[in-house]
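Peer 1: Just dropping this structure here.
The values are calculated or read from the model by the stated rules, or taken from the named source; none is laboratory data. What you see is a predicted model; the values in this text were computed from it and never measured. A quick note on method: Cβ atoms are made from the backbone with ideal geometry, for glycine too, and the neighbour counts reach across all protein chains shown. SASA here: full protein model, heavy atoms, side chains in, ligands and nucleic acids out. Shrake-Rupley method; radii C 1.70, N 1.55, O 1.52, S 1.80 Å.
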Amino acid sequence: MTPELYREIMQVYNERQTRAKRLSAARETEVYSVIPRVREIDGELLSLNVKLAKMMGFASDLNERKKAGETLKEKTTSLLKEKAYLIAEKGYPADYLENVYICPLCRDTGFRENERCSCFKALEREKMYSDSPMKSENDNETFETFSLDYYSDEINPKLKTSERKYMEKVYNICKRFPENPEGNMLFTGRPGLGKSFLCHAITKAVLDGGTDAVCESAFVLFDRLIKNRFGKEDDNEYKDSIFNTPLLIIDDLGTENINSASSAEFFNIINYRLINKKPVIISTNFSLSDIKQLYSERIFSRIIGEYRIVSFFGSDIRLLKRKRG
């Protein structure tokens with residue numbers, strides 16, 4: 001990565017952090033106006049922390065420090081419960097004052113434990129290829145144009161076969177699916193391995209076979225459903241299509257703003273469609289552990305129990321295309 005590109009990406013994160021601070025301040029002002037008691041609680045919480053710091057500094061023995069800590073914990077827990085109750089009572093999401101980040105994994109810093117976050121890598125690719133003539137158009141992403149030439153013939157010790165042979169099996173799984181579109185699948189793996197490509201190919205094949213299907217990015221899908229839920233848009237027809245289309249494909253799970261509202265919509269979708277035996281395919285750059293961390297236990301449980309996990313392996317095809325010219 002060139003220094004110029006790095007600076008450009010970090011500028012995006014600076015803007016995201018500025019946005020997060022402004023959004024946090026705006027939401028705090030809004031909640032304080034609607035629920036004045038929340039302002040008082042926040043003031044009391046701050047005062048308790050200051051008192052604890054002073055008590056810890058002057059406490060002469062371990063027992064005194066421990067007692068001071070327990071007292072603070074009890075009062076803090078009580079205040080936080082009251083705050084959560086007041087916020088929920090007014091219809092706000094539980095994390096309304098906390099979750100203001102586009103990427104909750106890195107909190108819009110671009111880094112997790114001194115490593116570049118997945119959102120940083122995605123932004124890097126977007127910046128590198130946004131103006132590239134090699135950037136694929138969805139209309140060209142079909143089973144006929146899918147190529148296995150970008151996958152290695154060398155044996156992958158983890159797979160005990162080559163990535164090419166492994167991905168040929170994945171390709172065949174996807175190609176057979178439109179013939180009998182039943183069951184659920186989760187496509188998981190690093191970016192650039194063909195997950196979205198095959199999602200689009202499946203969608204086109206299902207539609208060509210005369211069955212309705214919806215393929216939507218997670219970002220767009222949850223944004224529209226949440227706006228409809230809170231009355232910002234009248235989009236019931238779209239909501240109905242998401243819940244009741246014969247096949248739903250959610251592409252790029254994790255690009256949405258992950259919070260209690262989007263997680264609730266996600267659970268409602270997969271639970272409703274499981275009950276009504278309507279298949280769902282999900283693609284994501286997240287690992288299963290990331291999904292478990294970021295989404296609710298009941299969402300993770302349903303995915304693990306009811307979805308066929310299809311892992312993608314290989315090298316970033318976009319990079320390979322660029323290298324090959």
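Peer 1: Is it true that residue 251 is among the acidic types (Asp, Glu), in contact (Cβ under 8 Å) with a residue 12 or more places away in the chain, under 30 Å from residue 92 (Cα atoms) and in a helix (DSSP H, G or I)? Give the steps one after another, and end with the answer.
Peer 2: On the way: among the acidic types (Asp, Glu): yes; in contact (Cβ under 8 Å) with a residue 12 or more places away in the chain: yes; under 30 Å from residue 92 (Cα atoms): yes; in a helix (DSSP H, G or I): no.
Answer is no for this residue.
Peer 1: Ok, one more. Do we have residue 236 as more than 23 Å from residue 180 (Cα to Cα) and of a type in the set (S, T, N, Q) here?
Peer 2: On the way: more than 23 Å from residue 180 (Cα to Cα): yes; of a type in the set (S, T, N, Q): yes.
Answer is yes for this residue.
Peer 1: Residue 229 passes all but one of (1) surrounded by fewer than 19 Cβ atoms within 10 Å (Cβ to Cβ); (2) within 25 Å of the chain's Cα centre (by Cα); (3) among the basic types (Lys, Arg); (4) within 20 Å of residue 310 (Cβ to Cβ); which number fails?
Peer 2: (4)
Peer 1: Could you please give the count of residues in the stretch 268-299 that are open to solvent by 20 Å² or more (accessible area, probe 1.4 Å), modelled with pLDDT of 95 or more and assigned to a helix (DSSP H, G or I)?
Peer 2: Total meeting the criteria: 5.
Peer 1: Counting residues that are at pLDDT 85 or above, which helices (runs of 4 or more DSSP H) fully inside the stretch 23-137 reach at least 3?
Peer 2: Details: elements: 36-58, 62-89, 118-129.
In the stretch 23-137, 36-58, 62-89 are the helices (runs of 4 or more DSSP H) which contain 3 or more residues that are at pLDDT 85 or above.
Peer 1: Next question. Can you tell me which residue among 219, 243 is under 20 Å from residue 104 (Cβ atoms), in a helix (DSSP H, G or I) and open to solvent by 20 Å² or more (accessible area, probe 1.4 Å)? Can you show your working first?
Peer 2: Values: 243 fails: under 20 Å from residue 104 (Cβ atoms).
Of the residues listed, the single one that is under 20 Å from residue 104 (Cβ atoms), in a helix (DSSP H, G or I) and open to solvent by 20 Å² or more (accessible area, probe 1.4 Å) is 219.
Peer 1: What pairs come out if I take residues in the stretch 202-221 that are farther than 16 Å from residue 243 by Cβ and at pLDDT 85 or above and pair them with residues that are hydroxyl-bearing (Ser, Thr, Tyr) and outside any helix (DSSP H, G or I) whose C-beta lies under 7 Å away, six or more apart or interchain?
Peer 2: Close Cβ pairs (under 7 Å, with a partner that is hydroxyl-bearing (Ser, Thr, Tyr) and outside any helix (DSSP H, G or I)) amount to 204/142; 217/255; 219/255.
Peer 1: Tell me which of these residue 205 doesn't satisfy, since it passes every other one: (1) outside any helix (DSSP H, G or I); (2) surrounded by 16 or more Cβ atoms within 10 Å (Cβ to Cβ).
Peer 2: (1)
Peer 1: When the stretch 2-21 is examined, which residues are found to be over 30 Å from residue 95 (Cβ atoms) and part of a helix (DSSP H, G or I)?
Peer 2: Quick first cut of the stretch 2-21, residues over 30 Å from residue 95 (Cβ atoms) only: 2-8.
Matches in the stretch 2-21: 3, 4, 5, 6, 7, 8.
So that you can scan it fast, the table gives a plain yes or no per residue for (1) open to solvent by 40 Å² or more (accessible area, probe 1.4 Å); (2) among the small types (Gly, Ala, Ser); (3) in a helix (DSSP H, G or I):
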residue	(1), (2), (3)
147	no, yes, no
151	no, no, no
159	no, no, no
165	yes, no, yes
173	no, no, yes
177	no, no, yes
182	yes, no, no
185	no, no, no
193	no, no, no
